[in-house]
Amino acid sequence: MYLEAEDVEKILSLLKENFKQFTISFDYVHMAFLENTTKNAEVEAAFERFKKAGLNWITGVKSLIEVAEKFGLVIIDDRTSAELAKEYQVDEDPVATMQYYSLCTLRS
């Protein structure tokens, strides 16, 4: 989310070119949040707070499936921070913005 889309693609391409097999885990913000199109008042308010604070992310993911397919990768895990908070009993009622921030693992 802090890199330009072209840089993300370059990194994934380099990994594919230079490693026969690899696993990569990373966090990402959903494009709906970056585009402020969630239609959720709580999330839109958070978007505005982040924007005013200067925390503008550069790149988001619209579809992790498309990213994985583009680079010939398999999705091993993909969960929102809200799902993880519930699973690990950190927060049974996570804030709405946690639905738009995810962690994933992909494998070649």
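Here is a list of conditions, (1) under 17 Å from ALA82 (Cβ atoms); (2) out of contact with any strand residue (DSSP E or B) (no Cβ under 6 Å at 6 or more places or on another chain), and GLY60 meets all of them except one; can you say which number that is?
Among (1) under 17 Å from ALA82 (Cβ atoms); (2) out of contact with any strand residue (DSSP E or B) (no Cβ under 6 Å at 6 or more places or on another chain), the lone unmet condition for GLY60 is (2).
Being among the hydroxyl-bearing types (Ser, Thr, Tyr), closer than 17 Å to TYR100 by Cα and surrounded by 11 or more Cβ atoms within 10 Å (Cβ to Cβ), is that true of even one residue in region 32-44?
Among the residues of region 32-44, at least one is among the hydroxyl-bearing types (Ser, Thr, Tyr), closer than 17 Å to TYR100 by Cα and surrounded by 11 or more Cβ atoms within 10 Å (Cβ to Cβ), which makes the answer yes.
Go through region 1-41 and report how many residues are closer than 22 Å to TRP57 by Cβ and assigned to a loop (DSSP other than H, G, I, E, B).
10
Has region 87-99 got at least one residue that is closer than 24 Å to PHE19 by Cβ and in contact (Cβ under 8 Å) with a residue 24 or more places away in the chain?
No; the residues of region 87-99 include none that is closer than 24 Å to PHE19 by Cβ and in contact (Cβ under 8 Å) with a residue 24 or more places away in the chain.
Could you go through region 79-87 and let me know if any residue there is in a strand (DSSP E or B), in contact with a strand residue (DSSP E or B) (Cβ under 8 Å, 6 or more places away or on another chain) and loosely packed, with under 15 Cβ neighbours inside 10 Å. Steps first, please.
The initial filter retains those residues of region 79-87 that are in a strand (DSSP E or B), namely 79-80.
With the extra rule that they be in contact with a strand residue (DSSP E or B) (Cβ under 8 Å, 6 or more places away or on another chain), the set shrinks to 79-80.
Applying the additional criterion that residues be loosely packed, with under 15 Cβ neighbours inside 10 Å yields 79.
Yes: region 79-87 contains one or more residues that are in a strand (DSSP E or B), in contact with a strand residue (DSSP E or B) (Cβ under 8 Å, 6 or more places away or on another chain) and loosely packed, with under 15 Cβ neighbours inside 10 Å.
Here is a yes/no grid of residues against (1) in contact (Cβ under 8 Å) with a residue 40 or more places away in the chain; (2) more than 15 Å from the chain's Cα centre (by Cα); (3) on the phi < 0 side of the Ramachandran plot:
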{"position": "LEU3", "(1), (2), (3)": "yes, no, yes"}
{"position": "LYS16", "(1), (2), (3)": "yes, yes, yes"}
{"position": "GLN21", "(1), (2), (3)": "yes, yes, yes"}
{"position": "HIS30", "(1), (2), (3)": "yes, no, yes"}
{"position": "TRP57", "(1), (2), (3)": "yes, no, yes"}
{"position": "SER63", "(1), (2), (3)": "no, no, yes"}
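Need the failing condition index for GLU9 against (1) within 16 Å of SER102 (Cα to Cα); (2) surrounded by 14 or more Cβ atoms within 10 Å (Cβ to Cβ), just the number.
(1)
Go through the residues of region 55-64 one by one and say whether even a single one is in contact with a Ser or Thr (Cβ under 9 Å, 6 or more places away or on another chain) and either outside any strand (DSSP E or B) or not small (Gly, Ala, Ser) (or both).
Checking region 55-64: at least one residue is in contact with a Ser or Thr (Cβ under 9 Å, 6 or more places away or on another chain) and either outside any strand (DSSP E or B) or not small (Gly, Ala, Ser) (or both).
Rule-based calculations on the coordinates, nothing more; no lab input. Just so you know, these numbers come straight off a predicted model, no measurement behind them. For neighbour counting, all protein chains shown are included, and Cβ atoms are generated from backbone atoms with ideal geometry for every residue, glycine included.
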